[in-house]
Amino acid sequence: MRRIFPILFALMFLFSFFASAEGPGFHMDPILVERVVRGGQTTSYTIYLENQDRFNSLTVSLKAADIRESLDGAYHLEPLGTTPYSLQGWIVLDREQVTIPPGGTASVQVTINVPRGYSGGRYGAVVVGTVPEEKVSSEEAIGASTFIFQTASFIELQIADGRTRVEAYPAFFDIGPSKDYPSLKARVGDDALVFAVGVENKGNIHIVTRGTLIIRTMEGRTVSRYPLGGGRGVILPETTVALRSVLTQPLPPGDYIARATVDFGGRRPVVSETTFRVEEEGISFEEMRPEEPLSRFLVEPDEIEMSLTPGAFRSFVLQVTNRGDEPITLEGELFPLEFDIYGELASAVEPLEDFWLEIVPSEFTLNPGQTRRIRLNVRPPRELTGSFYLDLVFRGGDGIITTETGSNLLVLVGDDFKKEGKISNVKMEQKEDAIMVDLFFQNTGNTHLDTSVEIVLNRHFPQEEGEDGLIIGARTERVESVEIPSGENPVLPGKERLFTFFIPSALEVGKYEILARVDYGGEEPAITRIPFVIEGGKEN
């Protein structure tokens, strides 16, 4: 079988603007501002404007606006106060118009006053546009340009408090030919295969997505894995964005399963799955587009830790809520719980059978908005001890496309558990202006571990003797430090977790040391030291 190469088109919008060579040039910075603030605080920043025309002045107007995100992930400007996450009443500009001299610069101060009692995210833009010549005063009009343009500096504001809600669901899963997508047709022709997964953000803050499309045979064998993308991967609240992958080479005839997994910052990703058939003459796309929306439901809590006595009976309760607009029928199954080396939930193919955990009921129907309590009855055998990790998955759908979510079950039977771990490997790479560190941590105990990691970069100075004979002792100075707090998902026994660090620092010639510390709840942390020398700007 020929190897299949996907083409992923990210529909990015342009933040910066440059005029054509025939008109005045203009540049604005920053093009995107991301801030985390608390209620009652004020944050401010400066927008810098540059007139790249060396012979004509440029007069521009400034105003605040709302933004709306389209299905392809692009931001569009809207009048201030027209979206539910507007910055209206919060954002203040120190001027509404400015004239920039030829080849000169100007700046605009932006202030955002965040009231108390709000949570989630707020989004907007500062719009910069040229002022028509007839609106410029006679003094300002000398040498002014009539070139007309409009661009914007975008603002993504996160209010940090305990009421932030991160929630996302699949909106659709579409498979179709590239001829149905004008933006793709010119690049890949009519017959490429386009997978489009809609993700709807139902939380109160923007999410950052990272999607993966897996194609499997009906027997469960993976054919290939592709990225899913759209725009910057950011989805604003109450917005649906389509993440796409494009396959330019045909699949061999046969039946396949397409599984889309989209991580968005929650403990569990958005998961949709569908089957499709490839025939000699192509794919019948009509059957891939059901009229009904996909099942949307929430399982709480998304993790349960159980401490059990062998042979004893315990019961735990989950709540499942239908967040969609149509009745749904769900079925629950148990799978082995697995995470990949980065800590993301991995999908097991085969469910567990004859396990000593009962789901009551295992199949049920929910009306829109309805919540049902699901009981988990657990009775481990008398002779059994150890740790067991399960993924309780609920699936719903119409037989063509299914969606799923669930809860992680961390089951400890008995009381003989040891938390042990070690740093198994550290890889370091010296860049021109940064240090790249890959740290591998291994769980060597018999129970799951929640980790927090710290990386410190120190520089060592040898003993020195000054011109006056004064001896300066050897010393160590901290250059940089980076911390990764406890992750969403634990490290399971016998498994490794990769932590990647980026330390921005242009290092001078000298002796250095990387210190790595992993706290995991054991008797003592896992610590390692890596000395290295920079000579002539290169690592030795």
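The values are calculated or read from the model by the stated rules, or taken from the named source; none is laboratory data. Since this is a predicted model, take the numbers as computed values, not measurements. Note: ideal-geometry Cβ built from the backbone for every residue, glycine included; neighbour counts use all protein chains shown.
If you go through the range 381-390 and pick out every residue that is modelled with pLDDT under 95 and within 25 Å of Glu363 (Cα to Cα), you end up with 0.
Is it fair to say Thr403 is at pLDDT below 95, on the phi < 0 side of the Ramachandran plot and part of a strand (DSSP E or B)? Judged against the criteria, Thr403 is a match.
Residues in the range 341-378 that are charged (D, E, K, R), assigned to a loop (DSSP other than H, G, I, E, B) and loosely packed, with under 13 Cβ neighbours inside 10 Å: Glu350, Glu353, Asp354. Counting only residues that are outside any strand (DSSP E or B) and in contact (Cβ under 8 Å) with a residue 60 or more places away in the chain, which one in the range 480-497 is farthest from the chain's Cα centre (by Cα)? Among those that are outside any strand (DSSP E or B) and in contact (Cβ under 8 Å) with a residue 60 or more places away in the chain, it is Pro493.
Within the range 302-314, not a single residue is outside any strand (DSSP E or B), within 23 Å of Glu200 (Cβ to Cβ) and touching a Phe, Trp or Tyr at 6+ places or on another chain (Cβ under 8 Å).
Out of the residues in the range 192-227 that are surrounded by fewer than 16 Cβ atoms within 10 Å (Cβ to Cβ) and either of a type in the set (D, E, K, R) or not assigned by TED's automatic domain parsing to the domain that holds Ser272 (or both), state the one that is nearest to Pro351 (Cα to Cα). Filtering the range 192-227 for residues that are surrounded by fewer than 16 Cβ atoms within 10 Å (Cβ to Cβ) and either of a type in the set (D, E, K, R) or not assigned by TED's automatic domain parsing to the domain that holds Ser272 (or both), the one nearest to Pro351 (Cα to Cα) comes out as Glu219.
What are the residues in the range 322-335 that are out of contact with any Pro (no Cβ under 9 Å at 6 or more places or on another chain) and closer than 30 Å to Val413 by Cβ, if any? Break it down stepwise before answering.
From the range 322-335, those out of contact with any Pro (no Cβ under 9 Å at 6 or more places or on another chain) are 329-331; that's our starting set.
Selection gives Leu330, Glu331.
Of the residues Ser107, Ser138, which is hydroxyl-bearing (Ser, Thr, Tyr) and at pLDDT below 90? Steps first, answer last, please.
Values: Ser107 fails: at pLDDT below 90.
When all the criteria are applied, what remains is Ser138.
Name the residues in the range 155-175 that are in a strand (DSSP E or B) and of a type outside the set (A, V, I, L, M, F, W, C), would you? If the condition is that a residue be in a strand (DSSP E or B) and of a type outside the set (A, V, I, L, M, F, W, C), then Glu156, Gln158, Tyr169, Pro170, Asp174 are the ones that fit. Do we have any residue at all in the range 385-396 that's outside the structural domain of His448 (by TED's automatic domain parsing) and exposed (fewer than 13 other Cβ atoms within 10 Å of the Cβ)? For the range 385-396, residues outside the structural domain of His448 (by TED's automatic domain parsing) and exposed (fewer than 13 other Cβ atoms within 10 Å of the Cβ): absent. When the residues of the range 508-530 are filtered to those that are without any contact (Cβ under 8 Å) to a residue 24 or more places away in the chain and in contact with a strand residue (DSSP E or B) (Cβ under 9 Å, 6 or more places away or on another chain), the one that is nearest to Gly445 (Cα to Cα) is Pro525.
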